[in-house]
Amino acid sequence: MLVFASNRACRKQGKTMTDYKTPEKITVDHHADGVSCDGGGGALGHPKVWYGFDGKNSIECSYCDRLFMKSS
């Protein structure tokens, strides 16, 4: 996934921010204490990382921006 720092960078390439895929939203069990993320896509993913909810209802992966949300 390509990520640009600003709309200006996108305009240079003739694209808008909406041309790029929005981060995936994944719902997990509301009892979950944490999640792991490897970016999916096998070899095209990223190193596996672990995140704890620590009292929050959602966590964003710092590699691929996937959003993990606890179910209601």
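The values are calculated or read from the model by the stated rules, or taken from the named source; none is laboratory data. What you see is a predicted model; the values in this text were computed from it and never measured. With ideal geometry, Cβ positions are generated from the backbone for all residues, glycine too; neighbour counts draw on all protein chains shown.
Quick check: is even one residue across segment 45-58 in contact with a Leu (Cβ under 8 Å, 6 or more places away or on another chain) and at pLDDT 85 or above?
yes
Can you tell me which residue is farthest from the chain's Cα centre (by Cα) among those in segment 17-57 that are touching a residue at least 40 places away in the same chain (Cβ under 8 Å) and surrounded by 12 or more Cβ atoms within 10 Å (Cβ to Cβ)?
VAL28
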